[in-house]
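Here the structure is laid out as C-alpha cells; the discussion comes afterwards.
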Amino acid sequence: MSHPSRHDPFSIEPITDLFQGLMRPLRALTAGGEPGLSDIRIDVSESDTAYEVKADLPGVKKEDIDLRVDGNIVSISAKVERGAEQKEGGRVIRSERYSGQVQRTFSLASEIDESAVAAHFENGTLELTLPKKVGGSQKKVPIN
C-alpha cells in the first residue's frame, strides 16, 4: 500500500532540481573547457603560525605537480595523463576519465614564508604546510 502525500503547488523543490541539472554542464565547461573536468578539491586549516592545506590529486604523479607560492597566493597545477588502455581486438565503448591540466589558485589572509614551505605527496593527496611570515600579522587600525 502506498502512502498518500500532500502535493504543494507552491513548493520550489522541483525548480531547484531543474536548475541544478541545467547548470551542471555549464560548471564543467567553465572549469576547463571539457565536460567531466573537476577542480582540485582542497581543505585549508589555520593555526597561529601556519596554514595546513590538503589537496586531492588522484591519479597524478608527483613529478607532474607544479606548486607556486607568491605572497599570500597559492597556485597548484597538475598534468593528468591517462594512457590508452585497449586490448587487441577490443574497442573502447565509453571513456570518461580526464586527461589534461587541472589548476587551483587561492589566496590566504596572511603572507606565506616561501622559504619554509613544506610539501608532501602520497596516495593522491598533496599536503602543504605554509608557515605565516613573521611580522606579517594583521594589525588593528584605530578608527578616528
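The values are calculated or read from the model by the stated rules, or taken from the named source; none is laboratory data. These numbers come from a predicted model, not from an experiment. Don't worry about glycine lacking a Cβ; one is built from the backbone with ideal geometry, like all the others, and counts go over all protein chains shown.
Conditions tested, residue by residue: (1) aromatic (F, W, Y); (2) modelled with pLDDT of 95 or more; (3) under 20 Å from the mean Cα position of the chain (by Cα).
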residue: V102; (1), (2), (3): no, no, yes
residue: T105; (1), (2), (3): no, no, yes
residue: S115; (1), (2), (3): no, no, no
residue: N123; (1), (2), (3): no, no, yes
residue: E127; (1), (2), (3): no, yes, yes
residue: S137; (1), (2), (3): no, no, no
residue: P142; (1), (2), (3): no, no, no
When you scan segment 79-97, do you find a residue that is in a strand (DSSP E or B) and either modelled with pLDDT of 85 or more or surrounded by 10 or more Cβ atoms within 10 Å (Cβ to Cβ) (or both), even just one? yes
